[in-house]
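Undergrad: This is the structure I want to talk about, given as structure tokens.
The values are calculated or read from the model by the stated rules, or taken from the named source; none is laboratory data. This structure is a prediction, so every number in the text was calculated from the model and none was measured. We place every Cβ from the backbone using ideal geometry, glycine too, and count neighbours over all the protein chains shown. Only protein heavy atoms, including side chains, enter the accessible area calculation; ligands, DNA and RNA are left aside. Shrake-Rupley method; radii C 1.70, N 1.55, O 1.52, S 1.80 Å.
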Amino acid sequence: MVKQQVTVPDIGGAEDAEVIELLVAAGDPITVEQSLIVLESDKASMDIPSTLAGTILEVLVKEGDTLAEGAPIVVVEVASDESTPAVETNAADPEPVAESPAVVAEPAKPPAAVAPEEPQIQSTPSERASAAEPVAAGGDSASVYAGPSVRKLAREFGIDLGFIEGSGPRGRVLKEDLHRFSAQRMSQTAAPAIAGAGIPSVPEVDFAAFGDVTTEPLTKLGKLIVTNMQRSWLNVPHVTQFDDADITDLDAFRAELKAEAEQRGTRMTPMPFILKACAIALRDNPKFRASLSGDGNSLIYKQYIHIGMAVDTPAGLVVPVVRDVDKKTLWQLAKEIIALAGNARDRKLKPQDMQGACFTVSSLGNIGGTGFTPIVNTPEVGILGVSKAAVKPVWDGAEFKPRKMLPLALSYDHRVINGGDAGRFMSQLVTQLSDIRRLIL
Ligand code: CAO
């Protein structure tokens, strides 16, 4: 009998991905590629597949554990014809049956790490947030239970982790805790300075007083969406402008490509054309691929054209990134869109698949609606919302003609983009999509 471990593969550098679901138990037969656990990092949830076939002898992790690359997940009695060199083992442990899982969570630390004699430990987070000098008043960041990315963010925000009560497993401080703390601090310090600038909290309502209710806890992804949306909405002065692109010719061309698309095993939707048109507009309007520096004193121009694409999944909204859109053909883009959307829906995206975008496209074209105002995915400064195309009567100077019109909505960060910039960007997009010959210029 050969016992081997399956370990966590490269998960894009995430060091505290949480086990949110166990998909196997001791005694289960498994095959190569069968999912063992679901991990959720700050950016994504992903199924971790087995690299071995055989029978599970032991599951080394439990829900709530946090893992990094290389952590053992299960011990497998490998089917004899499967114990080949291709099997992934822990190189440091060739006869590997670990006593305990190499969980990355700092194991024995108490949840709240302020020394017991310090009075702060008795205070609630809101009491701490209202301390007059919260950053200087003596929290103990170093001994707080938090991962490296949270510590980095705390340093960027100038927040002492010692003041924050973590809501994660065993009191771990999560990014959400930092954002909540920061929002509380902002509302409490801003109120006296500018009358009415504090953000009033929404009163809690006892919904059960009006009828039956059910409560469903948010997933980590759901909570992340809450935080990100609120951060964008509160930080970014949004303006949205609208236009329609005449895609009658584009649609006719797509229809001509249908048979070839089938032969190639793909589909040519409007999305590759939209991405391509955005790439050209981003190339020619560099401010749209800029971000404000953290101190607000400079603009950082990205010299690459990576575009995020919002994908609607049962778990929530995720935004995988299509890289180097300007360098890819429409067929390449079509294939990549299908692959990324499929991976998003199957929860197979890695954190790095969702990083590095300079701009985002959110298409509700297949779902419906005549228009919506997308929220900028800050620190990006622009996002294009695409609604459902419809045939409309369009005046050509002599008569009304039936034309297929695609509604576009461009939201932008008005700190960086002014109306003229946005007008030029949108006009270029509309021109490209209305006359697709221009996509090759
Ligand atoms: N108008 C009319 N029809 C459209 C259209 C539009 N704007 N966009 C797509 N369609 C059509 C496609 O052409 C396709 O039909 P055919 O096969 O007959 O050509 C059909 O709708 C299905 O398209 P699709 O949705 O599968 O593919 P896509 O390339 O257009 O979009 C993706 C891919 C991943 C963007 C999309 O599936 C999706 O998830 N959209 C939701 C994004 C979202 O949730 N945004 C909101 C974020 S803010 O909360």
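Undergrad: Pairs, please: C-beta under 6 Å, at least 6 apart or cross-chain, first residue touching a residue at least 40 places away in the same chain (Cβ under 8 Å) and in the range 305-329, second assigned to a strand (DSSP E or B) and more than 13 Å from the ligand (Cβ to nearest atom)?
TA: I307/F359
Undergrad: Within the range 256-272, count every residue that is within 11 Å of the ligand (Cβ to nearest atom), in a helix (DSSP H, G or I) and open to solvent by less than 70 Å² (accessible area, probe 1.4 Å).
TA: So the count comes out to 5.
Undergrad: If I ask for residues that are out of contact with any helix residue (DSSP H, G or I) (no Cβ under 6 Å at 6 or more places or on another chain) and at pLDDT 70 or above, which ones from the range 160-170 would you list?
TA: Of the residues in the range 160-170, the ones out of contact with any helix residue (DSSP H, G or I) (no Cβ under 6 Å at 6 or more places or on another chain) are 168-170.
Result: G168, single match.
Undergrad: Just a yes or no: is a residue in the range 273-282 more than 18 Å from I383 (Cβ to Cβ), crowded, with 16+ Cβ neighbours inside 10 Å, assigned by TED's automatic domain parsing to the domain that holds D396 and of a type in the set (D, E, K, R)?
TA: Within the range 273-282, not a single residue is more than 18 Å from I383 (Cβ to Cβ), crowded, with 16+ Cβ neighbours inside 10 Å, assigned by TED's automatic domain parsing to the domain that holds D396 and of a type in the set (D, E, K, R).
Undergrad: Looking at the range 75-92, which of the residues that are surrounded by fewer than 19 Cβ atoms within 10 Å (Cβ to Cβ) and under 30 Å from R172 (Cα atoms) is modelled with the lowest pLDDT?
TA: Per the stated criteria, the residue is A92.
Undergrad: Within 19 Å of the chain's Cα centre (by Cα), open to solvent by 50 Å² or more (accessible area, probe 1.4 Å), at negative phi and away from the ligand (no atom under 14 Å from the Cβ), is that true of P379?
TA: Numbers: within 19 Å of the chain's Cα centre (by Cα): yes; open to solvent by 50 Å² or more (accessible area, probe 1.4 Å): yes; at negative phi: yes; away from the ligand (no atom under 14 Å from the Cβ): yes.
Yes, satisfied.
Undergrad: With the requirement that a residue be part of a loop (DSSP other than H, G, I, E, B), in contact with a helix residue (DSSP H, G or I) (Cβ under 9 Å, 6 or more places away or on another chain) and at positive phi, what does the range 16-70 give you?
TA: Selection gives G64 alone.
Undergrad: Please specify each residue of the range 140-159 satisfying the condition of being open to solvent by 10 Å² or more (accessible area, probe 1.4 Å), at pLDDT 70 or above and in contact with an Asp or Glu (Cβ under 9 Å, 6 or more places away or on another chain).
TA: Residues satisfying the conditions do not exist here.
Undergrad: Tell me, which strands (runs of 3 or more DSSP E) lie completely within the range 301-368 with 2 or more residues that are within 13 Å of the ligand (Cβ to nearest atom) and buried (at least 21 other Cβ atoms within 10 Å of the Cβ)?
TA: Details: elements: 307-309, 311-313, 316-318, 359-363.
Those strands (runs of 3 or more DSSP E) span 307-309, 359-363.
Undergrad: Do you know which residues across the range 50-74 are among the polar types (S, T, N, Q) and buried (at least 18 other Cβ atoms within 10 Å of the Cβ)? Working first, answer last.
TA: Of the range 50-74, the ones among the polar types (S, T, N, Q) are 50-51, 55, 66.
Correct list: S50, T51, T66.
Undergrad: Looking only at residues in the range 36-49 that are closer than 18 Å to P351 by Cα and more than 19 Å from the chain's Cα centre (by Cα), which one is surrounded by the fewest Cβ atoms within 10 Å (Cβ to Cβ)? Give the derivation first.
TA: So the first thing to find is which residues in the range 36-49 are closer than 18 Å to P351 by Cα, and the list is 37-49.
Still in the running and more than 19 Å from the chain's Cα centre (by Cα): 37, 49.
Details: I37: 26, P49: 17.
Only one residue fits best here, namely P49.
Undergrad: Pairs needed: first member in the range 261-284, more than 12 Å from A334 (Cβ to Cβ); second member anywhere, within 13 Å of the ligand (Cβ to nearest atom) and part of a helix (DSSP H, G or I); C-beta distance under 7 Å; at least 6 residues apart or different chains.
TA: A277/L433
Undergrad: For a quick check of your reading of the model, give me the residue pairs whose first member lies in the range 347-364 and is closer than 11 Å to S45 by Cβ, whose second is open to solvent by 40 Å² or more (accessible area, probe 1.4 Å) and in a helix (DSSP H, G or I), with beta-carbon atoms closer than 7 Å and at least 6 apart or on different chains.
TA: L349/N343
Undergrad: Looking at the range 421-431, is at least one residue open to solvent by 10 Å² or more (accessible area, probe 1.4 Å) and within 16 Å of the ligand (Cβ to nearest atom)?
TA: Checked against the condition, which is being open to solvent by 10 Å² or more (accessible area, probe 1.4 Å) and within 16 Å of the ligand (Cβ to nearest atom), the range 421-431 yields at least one hit.
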